Each structure stands twice: as structure tokens, then as C-alpha cells.
Amino acid sequence: MLRLRDTVTGRVAELQPRDAGVVGLYVCGPTVYGPPHVGHGRFALVYDVLRRYLEFEGLRVDHVSNVTDIDDKIIERAVTEGRNWQEVAHDSEIEWWAAMDKMGVARPTTTPHATDYIAEMIELVSDLLGRGAAYATGDGVYLDTSTVKDYGLLKHQSVESLRAGARVEVDEDKRSPVDFVLWKGAKPGEPVWDAPFGPGRPGWHTECVVMSLALLGENFDLHGGGEDLIFPHHENERAQAVARGKRFARHWMHNGLVRVDGEKMSKSLGNFTTMSDLFDRSDARAYRLVVLGSHYRQPVEVTERTLEDATTALQRVDSLARRFVDAPTDATSEEAGEERKRFRRAMDDDLDTAGALAGLFSALRRANALGDSGDLRGGGALARAVLDLFAVLGVEGEAGRMAAGADVQELVRRRDRARATRDFAAADRLRAEIEQLGWVVEDTPGGTRIYR
Ligand SMILES: [Zn+2]
């Protein structure tokens, strides 16, 4: 079973689901106010791979990831551009999912929107006020962190030291610098909802605690996000649940951030921080490989160099698939079985994708060596195992083609022949046929590429 480092204890521990066979996962999603950048891409990929791996292990994953569609940044952009805030949020969300699709990130099973949960957030704030855990001031409602006895648990700091280090925002009217806003009082020109404690809009921390508990239930399995969210966002989500007497996430997981080599980038490639800039310059699969080449808790460098190396590595994966595409599909071997075990050992050890990839590339070399020695059956069996495991990491493409059944492979070959003879009507017909069987078809200079 998968073992993951827990942010609270600092220890790598087995993930034990609350309900047998199902993992409830909540991941803080995007605030939709602008184009997604490479940092967003990383968290999306990390949790995509986590989910793929759990599913590969036979578990069902209830993957909830929110869309923050009301926020200061959305309002600011709307004002700057003279548009309404709903339009900014809507258009940015379309951009977000387009980038996720391009990266092959599976859609979360549920994507709650903050504005659909306002009534539940109002109920939470009323309840906290009723319990004496929150107080109203001239500009909103705040949580009284002194009522949460282990506040600072995620940050590994006492409430006193947090208080000493906190910055006080001049426009906030609260009792302690670590208290945080649950409900922002109405301001002119801002979106507003009615509430018993005064009109206004919810704070960001209130959104995630409400939606995670509503959709996954108390004591859910795993809460994730980027390490920049540990404090104050996750600390504050948890504080509200505790103040309400509810059990929150059983396990916390945080990924490291992306470093873009700014200087080198700007000289050679120009600004390269949004996902769409990245896709203009490199295969989305190369970015996935760069991200997975580092342990999820380590920072990752996205540079021209690391993307080029990943592109070269991908060519080796694709050429392995092409080489063994006609190998017997029923072949199995002891070595292929060993490779699957090695892969699971690495992944079970705190989702060590870097270790898993190193093992797969070494097996890729062995499969080629078997092919060189004339053992197409042994080489094919190992190649198939390797490509299936790459697909578990979401690295598909030619790999997908080899995983396809003989019928689909035959359609792909016929389509490549049709395109070679410029019979585009037949090529279109064959494309539709392949798509009907559940594959995405892409044209590349090397021929038809398919993936699921
Ligand atoms: Zn959140």
C-alpha cells in the first residue's frame, strides 16, 4: 500500500482509507482570474499521478478539487478590464481546463464552485458565531484562533510564535493578528450576498473547509495542495473544522514549487511562465516528465535544458513502442513481472516518481538489448510492461498505441497508409473509427499517434 509523508507528523506513513477501497482526496484548485502558469501545472500533475496510481492499485478515488470563482484577484481584474467578475471567472476557467486537457490531467471527479456553496458557508459562519469561536467587527466576521487549542499544528509553530511573527494588514479590524476573516463585509462595487451577520462575501479559507466536508464527509482521507498553502490557508481550513467540533483531513500532503530559471529563460526563450507559452515551445508530455523527474516534495527546475532532456527521453519511449508494436501481445516474462514490482516499490515509497522513472528507463534499455539479440518475444513482453507503467504516470502517446489491441493497431496502420497516399477521405473515416473505440487521435510527422 502507498506510504506518503504526512505534513503534520513529518513521517512517511501508510495511507489507510476511512472506507475500504475508496480514497477521498481534496486538492485546492485554481482561483480563476488569469492564465494558468507552470506552478499550477505542477500541482495538477502531482495529484493526477497520485490518483492514477491509486486507481492502478485498484482503489476508487473521490477526487474533489474546487474552483475559486469569487476572490479579490477576480474582482481586481474585472475592474481593471471593465468586465463583470462572472465573465472573468468563466473565461479563466475555460483556459484552465484547456491547459489541463492538454497536459492529460484527468478531470477531478467533482469540481465544486465557491459561488454554489455560499449558503453552506453562511451556515458555517453562523454556527461559529453561535459557539463563540468567531466574532463580528466593523468589516466582517473573524475566527478567534485562541479558541482552537492546537492552532499552528500544520505550520509546527505555537500560536504565540505565530502571533509574534504575523503581519498586521492595516485594513483589517481584528483582535489578534493571527485571527482570519470568514466573511468580508460588503464594499461598494463588490459582489455581495445577504447573511444574518450582514451582507458580504466569503473568505477563501471558508470555502475549502465547507466544500471538502460537504463532499467527502468528516475525517476524510487526504488533503493536498502546494506547500505555499500550508500556512495560512490549510491551517485555517482545519481551524474552522476543529472550532466546529468536526474531524478534518486524516492525512496532509504538500508538493514543492516550480523554479523557472528566469535569467536564462528571458535571454533564450522570452517569458515562459504560463502554461500556454510552455505548450508553444514544447510537448506537454515533456513538461510532465520534467515534473515527475523530481520527487514531488522537492522544487523542480523548468528550464530550456530540462525540457530538452525530457523531449529526448520521450523519443526513446516512443521509439521503443514503435519497435515492438508488432511483438506478440500474449507474451509475458519474469523480467516484466519484476519490473512491475520495482515500479510499485518506488511509487509506494512516498510516490517516488523519480525512482520509478529511473527504473523504467533502465528497463527500456534492457528491452532494446533483448530485441538486439533477436529475442523479440522477451523484448516485447518487457517493452509492453514498461509502456503500461509509463501510462500509469500519464506518459502516453506511442506508448498508448502499443497498449492498444491488434484491431486498433491495424486501423492505425491503415490510416497511416491512407495519409501516405493522400487519401484523406479514408484517413478521416479511419480516424472516426479509432475515436469510436475510445482513443484520441493526433497527427504527428512520424504518423498517427493515439492515446486514451
Ligand atoms: Zn483550499
- Task: Hey, can you tell me all the residues within the range 175-217 that are closer than 20 Å to Tyr135 by Cα, without any contact (Cβ under 8 Å) to a residue 60 or more places away in the chain and open to solvent by 50 Å² or more (accessible area, probe 1.4 Å)?
- Result: Arg175, Lys184, Ala186, Lys187, Val192, Asp194, Pro199
- Message: at pLDDT below 95, crowded, with 21+ Cβ neighbours inside 10 Å and in a helix (DSSP H, G or I): which single residue out of Ala356, Ala385 fits that description?
- Response: Ala385
- Task: Taking the options Thr145, Thr137, name whichever one is farther than 30 Å from Leu45 by Cβ and crowded, with 19+ Cβ neighbours inside 10 Å.
- Result: Thr145
- Query: Has the range 97-108 got at least one residue that is in contact with a helix residue (DSSP H, G or I) (Cβ under 6 Å, 6 or more places away or on another chain), outside any helix (DSSP H, G or I), at pLDDT 95 or above and open to solvent by 10 Å² or more (accessible area, probe 1.4 Å)?
  - Reply: no
- Item | Test set (1) buried (at least 18 other Cβ atoms within 10 Å of the Cβ); (2) touching a Lys or Arg at 6+ places or on another chain (Cβ under 9 Å); (3) under 25 Å from Tyr53 (Cβ atoms) - Phe343 fails condition number | (2)
- Message: If I go through the range 68-78 residue by residue, how many of them are open to solvent by less than 50 Å² (accessible area, probe 1.4 Å) and more than 16 Å from the ligand (Cβ to nearest atom)?
- Response: 2
- Residue satisfying all of: in the range 278-322; among the polar types (S, T, N, Q) and in contact with a helix residue (DSSP H, G or I) (Cβ under 7 Å, 6 or more places away or on another chain); surrounded by the fewest Cβ atoms within 10 Å (Cβ to Cβ) among these: Thr311
- Task: Note down all Cβ pairs under 7 Å where the first residue falls in the range 422-433 and is under 19 Å from Gln409 (Cβ atoms), the second is assigned to a helix (DSSP H, G or I) and open to solvent by 60 Å² or more (accessible area, probe 1.4 Å), and they're at least six residues apart or on different chains.
- Result: Ala427/Arg419; Leu430/Arg414
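Check whether at least one residue in the range 323-335 is assigned to a loop (DSSP other than H, G, I, E, B), aromatic (Phe, Trp, Tyr) and open to solvent by less than 50 Å² (accessible area, probe 1.4 Å), and report yes or no.
Here is the first cut: in the range 323-335, the residues assigned to a loop (DSSP other than H, G, I, E, B) are 324-333.
Filter once more, keeping what is aromatic (Phe, Trp, Tyr): 324.
With the extra rule that they be open to solvent by less than 50 Å² (accessible area, probe 1.4 Å), the set shrinks to 324.
The answer is yes, given that some residue of the range 323-335 is assigned to a loop (DSSP other than H, G, I, E, B), aromatic (Phe, Trp, Tyr) and open to solvent by less than 50 Å² (accessible area, probe 1.4 Å).
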- Task: Could you tell me which numbered condition Thr312 fails, if it satisfies all but one of (1) assigned to a helix (DSSP H, G or I); (2) in contact (Cβ under 8 Å) with a residue 40 or more places away in the chain?
- Result: (2)
- Query: Of all residues in the range 194-228, which are part of a strand (DSSP E or B) and either touching a helix residue (DSSP H, G or I) at 6+ places or on another chain (Cβ under 7 Å) or within 12 Å of the ligand (Cβ to nearest atom) (or both)?
  - Reply: Pro202, His223, Gly224, Gly225, Gly226
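Select from the range 12-29 the residues that are outside any strand (DSSP E or B), more than 16 Å from the ligand (Cβ to nearest atom) and in contact with a strand residue (DSSP E or B) (Cβ under 9 Å, 6 or more places away or on another chain) and list them in ascending order.
Matches in the range 12-29: Leu15, Gln16, Pro17, Arg18, Gly21.
Mind checking whether some residue in the range 252-268 is modelled with pLDDT of 90 or more, of a type in the set (A, V, I, L, M, F, W, C) and more than 16 Å from the ligand (Cβ to nearest atom)? Walk me through how you get there before you give the answer.
Of all residues in the range 252-268, those modelled with pLDDT of 90 or more come to 252-256.
Subset that is of a type in the set (A, V, I, L, M, F, W, C): 252-253.
Going one step further and asking which of them are more than 16 Å from the ligand (Cβ to nearest atom), we end up with none.
Checked against the condition, which is being modelled with pLDDT of 90 or more, of a type in the set (A, V, I, L, M, F, W, C) and more than 16 Å from the ligand (Cβ to nearest atom), the range 252-268 yields no hits at all.
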- Item | Residue check, Gly41 within 16 Å of the ligand (Cβ to nearest atom) and either in a helix (DSSP H, G or I) or buried (at least 18 other Cβ atoms within 10 Å of the Cβ) (or both) | no
- Message: Against the definition (at pLDDT 95 or above, surrounded by 20 or more Cβ atoms within 10 Å (Cβ to Cβ) and of a type outside the set (Phe, Trp, Tyr)), how does Ile118 come out, yes or no?
- Response: no
- Item | Where Ser65 falls short, out of the listed (1) within 16 Å of the ligand (Cβ to nearest atom); (2) open to solvent by less than 70 Å² (accessible area, probe 1.4 Å); (3) in contact with a helix residue (DSSP H, G or I) (Cβ under 7 Å, 6 or more places away or on another chain) | (3)
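The values are calculated or read from the model by the stated rules, or taken from the named source; none is laboratory data. All values derive from a computational prediction rather than experimental measurement. With ideal geometry, Cβ positions are generated from the backbone for all residues, glycine too; neighbour counts draw on all protein chains shown. Areas reflect the complete protein model, heavy atoms only, side chains present, ligands, DNA and RNA absent. Shrake-Rupley method; radii C 1.70, N 1.55, O 1.52, S 1.80 Å.
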